[in-house]
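The values are calculated or read from the model by the stated rules, or taken from the named source; none is laboratory data. What you see is a predicted model, and the numbers here were worked out from it, not measured in a lab. Glycine gets a Cβ as well: all are built from the backbone with ideal geometry, and neighbour counts include every protein chain shown. When the accessible area is computed, the model is the full protein with side chains, heavy atoms only, and any ligands, DNA or RNA have been set aside. Shrake-Rupley method; radii C 1.70, N 1.55, O 1.52, S 1.80 Å.
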Amino acid sequence: MELLNATLAKIYGLDKEAMVKAQAHQDILIKPQGSLGKLEAIVVQLAGIQGDAKPKTAKKAIITMAGDHGIIDEKFHNWPKEVTVQMLQNFAHGGAAIKRPFPAGRGA
């Protein structure tokens, strides 16, 4: 019973301040707000659990790809093709939802 009580004493509610800050951080990243769907909600909840607006995870992998397949020339997209290059540069410098898309010393 002591172990149970000791364990229960270590359980706290979600850190609402960390969650507000995490959501604010999601909202300023260069991407449409809410565009990452449930992933954004998971990050905000993880911030509340860890009590840190920028929660940490171990053993993660992110693959970021972009390409120009001529679709912009067909007037299918709302932005000029230069935006793709600008977004990748922004990713490489930590200004978007993807913090570091390339291994150190590679990419943009």
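Taking each DSSP H run with n ≥ 4 as -39500 (n - 2.57) and averaging over every residue of the chain yields -12500 deg cm²/dmol at 222 nm.
Overall, the accessible surface of the chain at a probe of 1.4 angstrom is composed of carbon and sulfur to the extent of 61 percent. Note that the chain presents 80 Å² accessible area per residue, ligands and nucleic acids not counted, probe 1.4 Å. Checking the cross-link pairs LYS16/LYS56; LYS21/LYS56; LYS10/LYS54; LYS21/LYS60 against a 19 Å limit on the alpha carbon distance flags LYS10/LYS54; LYS21/LYS60 as lying beyond it. Site-free segments of the chain were taken between trypsin sites (Lys or Arg not before Pro) in DSSP loops having at most 15 other Cβ atoms within 10 Å, sites themselves excluded; the longest one is 11-55. The stretch 40-82 and the stretch 6-20 have Cα centres spaced 28 Å apart. Here the dipole of the stretch 1-52 is about 140 debye; that uses its Cα centre as origin and unit charges on the Cβ of Lys and Arg (positive) and Asp and Glu (negative).
At q = 0.13, 0.15, 0.22 Å⁻¹, what is the base-10 log of I(q)/I(0) for the chain according to the Debye formula with one equal point scatterer per Cα and no solvent? Please give it to two decimals. Taken in order of the listed q values, log10 I(q)/I(0) reads -0.65, -0.79, -1.23.
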